[in-house]
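To start, the structure under review is shown below, and the notes come after it.
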Amino acid sequence: MATTALTNIGTLVTNDPTLGEGALGVRHDAAVVFEDGVVAWVGDSADTPAADTGRDLDGRAVLPGFVESHSHLVFAGERAEEFAARMSGEKYAAGGIRTTIEATRAASDDQLAANVRRLLGESLRSGSTTVECKTGYGQSASDELRSAQIAGRFTDEVTLLAAHVPPPEYAGRADDYVAMVCDEMIAACAPHAKWIDVFCERGAFNREQARAVLTAGVEAGLIPRVHGNQLGEGPGVQLAVEMNAASVDHVTYVTPADVDALAGGSTVATLLPGADFSTRNKYPDARALLDAGVTVALGADCNPGTCYTTSLPFCIAIAVRELHMTPAEAVWAATAGGARALQREDVGSLRIGARADAIGLDAPSYLHLAYRPGVPLIREVFKDGTLIA
Ligand code: NIG
Ligand code: FE
């Protein structure tokens, strides 16, 4: 039994309202003890039980590790020129995805794995201790299979983004592509994934096509999630609720009926404001969602097209400044919210029995994540109770 005590924590976020104030379960002058990779004790620093090793936080803040529920890390190449053109006024069109499909298909397994490892390293140093990873730049049965297998070397949260955009050989034949996904790709890839995802948007896949892909995924034992309502109003949100999807992600353009549907269902709305930032899109109406009682998660959406950042602290800062989320709502959404989106109860909080995944900040409180944008505030990262970064 290895125990580690973190003492003298200025502000501790537990996300357990029985352990402290508010939804974040905040305690001051606190301590937490990890035992064999899980949280064993939370209390006042003065009462800390004896432990094998100790770390004095000297008044700094400790939070649960971020739970990144949306990332696209299996790809090759980059699209900096496309970004620069966008900043000069060009509009984002999902067509850029095909550039990355070509580069990804041409890359070796080792090149793809090295890119995932590099980005996961960045992500971890930014405080994300659980990271979901999507395929989606293969778009053939064999390239999606190897993408899923490569992602699976690094995380249990593998998402088969089976229908991202129809690849070049299916140009203008989205129905034929969907048939191939349902008849061939999903059977090959399902043993290597947990989730099935589809980009339900004009220019990608329509409601019926997206429903067919998700239904085939569910039949193969996968749990649905949806990319929807990123570039315009559309059927993504309603389809996600209808399919009881774990989450619908982006949710930038929604109608009052979409908000009502989310409020009446169990699908998490995952906001990806980094993508809206990097595409100069409008920002989602987080207040309408939160005020209607919708569960909101925040993800970084790292991908080479719409958002090449792995930093959830950056997204928290945008969520507070631009989406009018409170700092507490944004921090909850990037921790407990991400865990809800991944249907995980063992991460996203520091309740007793949760995994000992935590971060120490170079700041006295979680408020500084939004208050000091762009500053590397993540000083310690604990994964399963071990200091790893
Ligand atoms: O989450 N929306 C679709 N997929 C990605 C973008 C992919 C790309 O442009 O390469 C997203 O924004
Ligand atoms: Fe995405």
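Only one entry of 230, 209 meets the criterion of being under 21 Å from residue 139 (Cβ atoms) and within 23 Å of the chain's Cα centre (by Cα), and that entry is 230.
Reported count of residues in segment 81-118, each being out of contact with any Ser or Thr (no Cβ under 8 Å at 6 or more places or on another chain) and in contact (Cβ under 8 Å) with a residue 12 or more places away in the chain, is 20. Restricting 367, 298 to residues that are surrounded by fewer than 20 Cβ atoms within 10 Å (Cβ to Cβ) and in contact with a Ser or Thr (Cβ under 9 Å, 6 or more places away or on another chain) narrows the list to 367. Taking segment 19-45 as the range and being surrounded by fewer than 20 Cβ atoms within 10 Å (Cβ to Cβ), in contact (Cβ under 8 Å) with a residue 60 or more places away in the chain and at negative phi as the test, the residues that pass are 23, 35, 38, 41. Screening segment 129-207 for helices (runs of 4 or more DSSP H) wholly inside it with 3 or more residues that are crowded, with 24+ Cβ neighbours inside 10 Å returns the ranges 141-152. Taking segment 40-95 as the range and being touching a strand residue (DSSP E or B) at 6+ places or on another chain (Cβ under 9 Å) and either of a type in the set (S, T, N, Q) or within 16 Å of ligand 1 (Cβ to nearest atom) (or both) as the test, the residues that pass are 45, 48, 53, 68, 69, 70, 71, 72, 73, 74, 75, 94. The residues on offer are 51, 103, 80, 93, and the sole one that is surrounded by fewer than 20 Cβ atoms within 10 Å (Cβ to Cβ) and within 23 Å of residue 311 (Cβ to Cβ) is 80.
Of 236, 203, 228, all but one fail to be modelled with pLDDT under 95, within 22 Å of residue 93 (Cβ to Cβ) and within 12 Å of ligand 1 (Cβ to nearest atom); the exception is 203.
The selection criterion, being in contact with a Gly (Cβ under 9 Å, 6 or more places away or on another chain) and either within 16 Å of ligand 1 (Cβ to nearest atom) or not small (Gly, Ala, Ser) (or both), does not hold for residue 321. Pairs are defined by a Cβ separation below 6 Å, a sequence spacing of at least 6 or placement on different chains, a first member in segment 298-309 that is more than 11 Å from residue 73 (Cα to Cα), and a second member that is modelled with pLDDT under 95 and within 9 Å of ligand 1 (Cβ to nearest atom); the pairs so defined are 305/96. For the criterion of being among the β-branched types (Val, Ile, Thr) and either under 23 Å from residue 310 (Cβ atoms) or part of a loop (DSSP other than H, G, I, E, B) (or both), residue 67 passes. Of the listed requirements (1) of a type in the set (Gly, Ala, Ser); (2) in a helix (DSSP H, G or I); (3) within 15 Å of ligand 1 (Cβ to nearest atom); (4) surrounded by fewer than 18 Cβ atoms within 10 Å (Cβ to Cβ), residue 114 misses just one: (3).
Residue count for segment 249-275 under the criterion of being in contact with a His (Cβ under 8 Å, 6 or more places away or on another chain) and on the phi < 0 side of the Ramachandran plot: the result is 5.
The values are calculated or read from the model by the stated rules, or taken from the named source; none is laboratory data. Predicted, not measured: the structure shown is a model, and the values here were computed from it. Cβ sites come from the backbone with ideal geometry, for glycine too, and all protein chains shown count toward neighbours.
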